[in-house]
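These notes concern the structure reproduced below.
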Amino acid sequence: MVSHRLLCRCPLGARLVGVGFILLLVIGCAVNPATKERELMIVSEDQEFRIGQGVDKQLREEMGVYLELPDLRALVKEVVENLGRNSDRPHLIYRVEIVDTPDFNAFAVPGGFVYVHRGLLERMNSVDELASVLGHEIAHVAARHSAAQISKAQLMNIGLLGVAVATKGAVQDYGQLINMGAALAFNKFSRDDEREADYFGTQYLTLAGYNPRASIEVMKHIQRLETREPSTVEVWFMTHPPTSERLVNLNHEIEKLSAKQPETLLRSYQRNRFIRLLDGLVVGEWNGNELIRGDNYYNKEYLLQLEIPQGWQARINSKDYAALFADAKKDYSAYFDIEPLQTRKTVEEYSKDFEQKLRRAGLRQEKTYATNELLPHGAKTTVYSGYDGSRGAIMVEGAVFVSGANGYSLIGSSKREDFDEFRPLLESMVANLRFISQQEANQLQPPRLQIHTVEKGESWGSLTQKYFGVTEEKAKLAEYNGFEVSQVPPPGTLIKVPPSLRF
């Protein structure tokens, strides 16, 4: 069930060199609150909290907190507090926030700070499913997985520690970990950690009064997303083991619960209570100034609209560019950026500066490709070749133009063999870029969820026809709501209606 931990035994100490290291092993052993096993732990609970406290401030600034739906936020907090009271560290105050990103993800940092992405809430279909995801994250905190990772990292720094360990010297300096990037690096847990989090999360979920079968529903939902919308759960799979493995383990735990506590599996899912609170939830990419709506990227600050090729995904909120567009299946990518100019420049002058940047990045200009001089806004294009670690030989096209006090650039790349197919798509983005009026910008609002109450006689086909004018993609709407298309939604059921079926 639970993996064995690193125990503080003599054979390990005997293999290690240095009095300071042996002292570290003696001083740094603790009983894990969840597993009840002894393990190396040189991070105190106070230090753990201080690390989390510092990271929390940066997360709020960089990712943003979603505050539009206070009742939904209150429910998320209620669930976390309930799970925390039923965890193996019930004395700890668990804090949770909704971060304003469309990713399917949730995570925790040391000290009881838990975060759920807006995009994950969009895909959940009951309070129980939400509790399943959050129970997993609380289990990471309860089992002190991040603190253990940090302890192991400090252990690897043996050359810097020496006998200072005995006098609480170098090991006490955790200032370098109080930043978001460093702390989140310690959230890439081992498979044993993830198995423990699934196991203990299911225990907490059950003790807190939710239906533990919700864990299975969430895993099945992730499997469907993995197949149909891999980019939706890309962040999730960066930090979690294969879903198929987790599903097998969870099914085993549910079987054991069925034998010992069968009544827990009969608890009603709190569906309508949760779905009702999603009414008006922002869907997709939006940060107040930029948004993705349908096949278009909009920038309200710079008053522009950029058309996205059919089937491509788009991302905003990066320090390095205004927006990223990509077709993951074909390995196409394009970066769009807007740069304030120090002095007035012609497009030729700006193009030369841009070419120098690309050459410094290791790209070589391809003289065999003619410059496209027929694009709107006086845009100038140049073609380059290069090498990508994951794609191999690539071709790159950069398109730039100047408007007013700003320089605009779109740089796209593909595998060399796909470039002739890719190039027209990139240039169509430049050709269809247009500047919009302030009035148009003022009217731009992000896409939002609608909530529909199912009436007698309605089916997934009729609902898809009603909201989207088609019936062919009724399976998408059913799966989005946690149903099979063959299941008729009972009257009174609340269902989520997304802005479009183009996921």
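The values are calculated or read from the model by the stated rules, or taken from the named source; none is laboratory data. Keep in mind that this is a model prediction, so the values were computed, not measured. Here the Cβ positions follow ideal geometry from the backbone for every residue, glycine too, while neighbour counts run over all protein chains shown.
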Quiz item: For the subset of the range 316-368 comprising residues that are of a type in the set (Ser, Thr, Tyr), under 21 Å from Leu433 (Cβ atoms) and part of a loop (DSSP other than H, G, I, E, B), which member is modelled with the highest pLDDT?
Solution: Thr346
Quiz item: Is it true that some residue in the range 422-438 is of a type outside the set (Val, Ile, Thr), at pLDDT below 95, loosely packed, with under 14 Cβ neighbours inside 10 Å and assigned to a loop (DSSP other than H, G, I, E, B)?
Solution: no
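Among the residues that make up the range 99-111, is at least one of them free of Cβ contacts under 8 Å to residues at least 60 places away in the same chain and either within 15 Å of the chain's Cα centre (by Cα) or on the phi > 0 side of the Ramachandran plot (or both)?
yes
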Quiz item: Got at least one residue in the range 320-328 being crowded, with 21+ Cβ neighbours inside 10 Å and touching an Asp or Glu at 6+ places or on another chain (Cβ under 8 Å)?
Solution: yes
Quiz item: Looking only at the range 369-408, which residues are assigned to a loop (DSSP other than H, G, I, E, B) and surrounded by fewer than 21 Cβ atoms within 10 Å (Cβ to Cβ)?
Solution: Tyr369, Ala370, Thr371, Asn372, Glu373, Leu374, Leu375, Gly389, Ser390, Arg391, Gly404, Ala405
Quiz item: Looking only at residues in the range 444-454 that are at pLDDT 95 or above and either among the aliphatic types (A, V, I, L, M) or more than 27 Å from the chain's Cα centre (by Cα) (or both), which one is surrounded by the fewest Cβ atoms within 10 Å (Cβ to Cβ)?
Solution: Thr453
Self-check item: Hits in the range 346-364 - residues which are in contact with a Ser or Thr (Cβ under 9 Å, 6 or more places away or on another chain) and more than 17 Å from Leu410 (Cβ to Cβ)
Solution: Arg364
Quiz item: Take the residues of the range 126-148 that are crowded, with 24+ Cβ neighbours inside 10 Å and polar (S, T, N, Q): which is nearest to Leu72 (Cα to Cα)?
Solution: Ser132
